[in-house]
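Working notes, beginning with the structure itself.
Nothing in this text is a laboratory measurement; each read-out follows from the coordinates by a stated rule. As the structure is a prediction and not an experimental result, all values here were calculated from the model. As a convention, Cβ positions derive from the backbone with ideal geometry for all residues, glycine included, and neighbour counts pool all protein chains shown.
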Amino acid sequence: MGLCSAAVMSQPGSDIDLVRAIYKELIEIDTTDATGDNTKAAEAMAARLLAAGFPEQDVRVIGPHPQKGNLVARFRGTGERRPILLLAHLDVVDARREDWSFDPFVLTEHDGYFYGRGTIDDKAMAAIWIETFIRLKQEGFHPRRDLIVALTADEEGGRFNGVEWLLQNHRDLIDAEFCLNEGANGQLKSGKPLLLGVQASEKMYQTFAIEVRNRGGHSSRPRKDNAIYILADGLRRLEAYDFPARLDAVTRAYYAAAAELYSGQVGADMAAAARPRPDRKAIERLSESAYDNALLRTTCVATRLEAGHADNALPQTARATVNCRILPGDSPDEVHRALARIMDDSRIAVRPLDEARPSPPSPLAPEILSPIEQTAAHIWPGVPVVPVMSTGATDGAHLRRAGIPTYGVSGLFGDVGDDRAHGKDERLGVRQFYEGREFLYRLVQAFSK
């Protein structure tokens with residue numbers, strides 16, 4: 001256990017109970033796109049800030065849709081420096097009770113973990129930001145700059161992305177020198193903190209439809225040009241294909257640092273991957289890990305299938321959804337062309353369903369890294385801070401494109417081989433939640449003193 005969290009978790013009541021209560025309240029408000037209400041969660045957090053003494057003019061719930069409200073709150077400082085934006089998203093992906101061991105919309109503590117949809121993605125950070133504001137207010141803290149909390153809608157999908165909407169309609173409310181966001185967690189190895197990631201860049205997100213159409217017919221007279229079989233053959237070729245490995249400066253720095261922390265073949269392969277000319281065999285071995293494979297190359301994977309119109313008819317249409325996560329610097333147009341080459345069949349059409357929009361990496365300047373490193377050293381002595389590229393997409397991409405450097409640093413640790421975000425039984429360690437809470441509280445102070 002971290003030095004700080006051991007002391008914090010032994011304290012009875014007060015702020016520990018508060019942050020848990022906020023966390024529980026958020027988990028138990030359904031904020032899925034299909035059936036949930038983001039505004040309800042935003043208003044619940046606004047009520048807590050107002051009750052803590054924040055003025056009404058500094059706590060706003062706004063958005064383009066009645067169920068897609070975003071909370072924006074400001075902690076007034078002296079104005080000596082430009083504001084910091086503290087960002088988290090309130091929406092979560094869908095979760096079905098029958099798929100889970102626990103009710104996904106009830107915060108459940110079991111065997112040292114908090115279970116529930118959003119426990120790691122991203123309601124832990126949302127709860128911590130709100131509790132940090134209340135805690136600093138109660139302590140009479142006077143920051144040298146304004147602190148802005150934004151808890152937003154539709155990061156996971158949907159038509160009303162909160163960060164984009166705020167940038168387009170209320171840029172003044174969230175404009176900041178830089179932003180702290182999700183995007184990188186800490187890594188555990190055998191239950192012990194190994195490294196703390198700081199996300200400075202991320203992959204581009206783009207989805208394609210892979211489709212076969214033909215005249216169909218009666219199922220009593222099957223033909224060889226069955227649309228389902230043609231599509232399946234193309235998807236098997238995609239399964240077997242690896243995009244070329246390529247390391248940018250952030251990923252190379254990650255492997256150089258991580259090589260010092262891993263022993264045996266894995267550590268040696270990481271060191272070999274970080275060289276100016278990466279070792280091909282080392283790349284192949286690292287690619288056996290889903291996480292490392294995603295760091296090393298653009299990936300495209302089938303995520304949905306749809307075909308046919310009747311049980312007794314040959315399919316006239318067979319369609320797959322293929323989601324791509326494209327390395328910074330790789331061309332989305334080339335990925336489109338590569339998918340067509342992989343399908344290798346003129347009967348299979350490939351078309352993009354959305355636009356891939358690149359975002360520039362955020363500079364890893366000493367004035368950003370030093371406070372993170374110093375704060376982390378208090379909580380997890382000896383644990384290095386390592387720059388990473390996010391394999392997933394975050395709202396940081398919108399902010400970076402708008403000229404607001406964004407850093408993914410949650411202070412929440414988990415086993416890299418047990419990432420349950422978006423999946424069954426999403427969870428976060430109880431100890432890791434409280435450690436992350438103390439880290440982010442101290443980090444906000446470090447950046448605003």
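Among all the lysines, which ones have a C-alpha under 27 Å from LYS123's C-alpha, if same-chain residues fewer than 8 places away are not counted?
Result set, ordered by chain and number: LYS24, LYS40, LYS68, LYS137, LYS189, LYS192, LYS203, LYS424, LYS449.
Could you derive backbone 3J(HN,Hα) for region 424-438 from the dihedral phi with the Karplus parameters 6.51, -1.76 and 1.60 (θ = phi - 60°), listing whole Hz in sequence and x where the residue is Gly or Pro?
5, 6, 3, 7, 9, x, 4, 4, 5, 4, 6, 5, x, 4, 5
Can you give me the long-range amide H partners of LEU314? Hydrogens built in the peptide plane at 1.01 Å from N, cutoff under 5 Å, separation of 5 or more residues or another chain.
Under 5 Å from the amide H of LEU314 lie the amide H atoms of GLY217, HIS218, SER219, each far enough along the sequence or on another chain.
May I ask you to evaluate 6.51 cos²θ - 1.76 cosθ + 1.60, the Karplus curve with θ = phi - 60°, for each residue of region 100-111 and list the ³J(HN,Hα) values in order in whole Hz, giving x for glycine and proline?
Per-residue couplings from phi come out as 9, 7, 10, 5, x, 10, 10, 5, 10, 9, 8, 6 Hz.
Taking H as built 1.01 Å from N, whose amide H comes closer than 5 Å to the amide H of ASN70, not counting residues under 5 places away?
Result for ASN70 returns ILE62, GLY63.
Would you compute, from DSSP H runs of 4+ residues alone, the mean residue ellipticity of the chain at 222 nm, taking -39500 (n - 2.57) per run and dividing by the full residue count, rounded to the nearest 500?
-11000 deg cm²/dmol
Could you tell me which trypsin sites (Lys or Arg not before Pro) in region 88-154 are loop residues by DSSP with no more than 14 other beta carbons within 10 angstrom of their beta carbon?
Loop-located and lightly packed - ARG96, ARG144.
Can you give the charge dipole size of region 204-352 about its Cα centre, rounded to the nearest 20 debye, using +1 on the beta carbon of Lys and Arg and -1 on the beta carbon of Asp and Glu?
With only Lys, Arg, Asp and Glu charged at Cβ, the dipole is about 480 debye.
Among ASP121, ASP94, ASP418, ASP292, what is the fewest-to-most ranking by other Cβ atoms within 10 Å?
Final ranking by Cβ density, sparse to dense: ASP418, ASP94, ASP292, ASP121.
Using Stokes-Einstein with the Kirkwood hydrodynamic radius over Cα pairs, what translational diffusion coefficient do you get for the chain at 37 °C and a viscosity of 0.692 mPa s, in µm²/s rounded to a whole number?
Diffusion coefficient, whole number: 141 µm²/s.
Name the residues whose placed amide hydrogens come within less than 5 Å of the amide hydrogen of TYR205, ignoring near sequence neighbours (fewer than 5 apart) on the same chain.
ILE326, ARG357
Taking the Cα centre of each part, how many Å lie between region 418-435 and region 111-150?
16 Å
Would you list which aspartates and glutamates come within 15 Å of LYS281, measuring only between C-alpha atoms, while excluding same-chain residues fewer than 8 positions from it?
Counting by Cα, and skipping residues close in sequence, LYS281 has these aspartates and glutamates nearby: ASP242, ASP269, ASP292.
Calculate one ³J(HN,Hα) per residue across region 335-346 by plugging θ = phi - 60° into the Karplus curve 6.51 cos²θ - 1.76 cosθ + 1.60, and present them in order as whole Hz with x for glycine and proline.
For region 335-346, the Karplus curve yields 4, 4, 5, 5, 4, 5, 5, 5, 4, 6, 7, 5 Hz.
Rounded, prolate or oblate: which fits region 96-213 when a ≥ b ≥ c are the square roots of the eigenvalues of the alpha-carbon gyration tensor, with rounded for a/c under 1.5 and prolate only if a/b beats b/c?
Here region 96-213 falls in the oblate category.
I'd like to know which of ALA257, GLY308, ALA340 lies farthest towards the positive end of the charge dipole of region 204-352, counting +1 on Cβ of Lys and Arg and -1 on Cβ of Asp and Glu.
GLY308
Please return the longest range in the chain lying between exposed loop sites, taking GluC sites (Glu not before Pro), DSSP loop only, at most 11 other beta-carbon atoms within 10 Å, and leaving the sites out.
Longest site-free region, per DSSP loop and neighbour criteria: 140-287.
So how tilted is helix 264-273 from the main axis of the chain? Cα-based, degrees 0 to 90, rounded to 10.
Between the helix axis and the principal axis of the chain, the angle is about 80 degrees.
Please give the charge dipole size of the chain, origin at the Cα centre, charges +1 on K and R Cβ atoms and -1 on D and E Cβ atoms. Round to the nearest 20 debye.
Roughly 920 debye for the chain.
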